[in-house]
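Have a look at the structure below before the remarks.
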Amino acid sequence: MNQEKIGKFIRDIRKKENLSQQKFALKYGVTYQAVSKWENGKNIPDIAILKQMCEEYQMNLDDFLETKIPKKKPTIWIGMGIVFLMIALFLFYPKKGHFEFKTLSSNCNNFKLYGSMAYNDIKSSIYISNITYCGEDDKEKYKVIECILYETDGKVQKEVMRYRSEKENLTLVEFLETVNFNVDNYEKTCKLYQENSFYLEIEAINQEKKMTTYKIPLQLKDNCK
């Protein structure tokens, strides 16, 4: 998903309506800090909010999900190269289809997040942002914190993406404000996912090198068709 393009779109429609970030945030039930992150390309809205914006301002949501096909360098056998390239594009680069959307939510009472999956019959993309901790107060400064997105298939566990902050000595709350997963062109289509097959794991190491681990099961709302 093109975060810079989304940020520009949000900034443009907000200014067109002559709204401050605070008033724009109230319109969509978020904080002004969230709007600021959207406009700066540091985060993206929940897919339901983005879909609402697109409907209100006559934008095609699929435009934000486009990926570019890399260009091939010509070879000395120009004729053969063109034929090969056409075959490769036909076989390996599918036509752009209409995207459907499913919501990812936390199955853990201590964490809340915005997550979604955009998919068609060819590929899927996963977006997770705005993770908040609502458990017991944790003011400890951790030397290292990582957040990992996993997919499980029976007994097989696969790491999808890992996020680690460049800053050290952060509290859990401060770290989660920076976490943003944007997994484009994931190799599976939505219909191949098993129910509750995704989860997040947070590994926090304090100054004494003691690790605290949080596991956040994710629920995919409704089955994929």
- request: Could you tell me what percent of the accessible area of the stretch 117-171 is made up of carbon and sulfur, with a 1.4 Å probe and every protein chain present?
  value: 44 percent
query: How much of residue 32 can a 1.4 Å solvent probe reach, expressed as accessible area in Å² and rounded to 10?
result: 110 Å²
statement: Of the listed pairs 42/155; 5/123; 37/209; 112/209; 42/141, those with alpha carbons more than 29 Å apart are 42/155; 37/209
query: Considering the zone a paramagnetic label at residue 207 would reach in this model (a point 7 Å from Cα along the Cα-to-Cβ line), which residues of the stretch 150-178 have amide N under 16 Å from it?
result: 168-172
Accessible heavy-atom area order of 197, 105, highest first, probe of 1.4 Å: 105, 197
query: Do any GluC sites (Glu not before Pro) in the stretch 96-168 lie in a loop, going by DSSP, with at most 16 other beta-carbon atoms within 10 Å of their beta carbon, and if so which?
result: 136, 140, 166, 168
field: For residue 113, net neighbour charge (Lys/Arg +1, Asp/Glu -1) across residues whose Cβ lies under 15 Å away
entry: +2
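The values are calculated or read from the model by the stated rules, or taken from the named source; none is laboratory data. In this text the structure is predicted, and so the values were computed from the model without any measurement. Positions of Cβ are backbone-derived with ideal geometry, glycine not excepted, and every protein chain shown enters the neighbour counts. When the accessible area is computed, the model is the full protein with side chains, heavy atoms only, and any ligands, DNA or RNA have been set aside. Shrake-Rupley method; radii C 1.70, N 1.55, O 1.52, S 1.80 Å.
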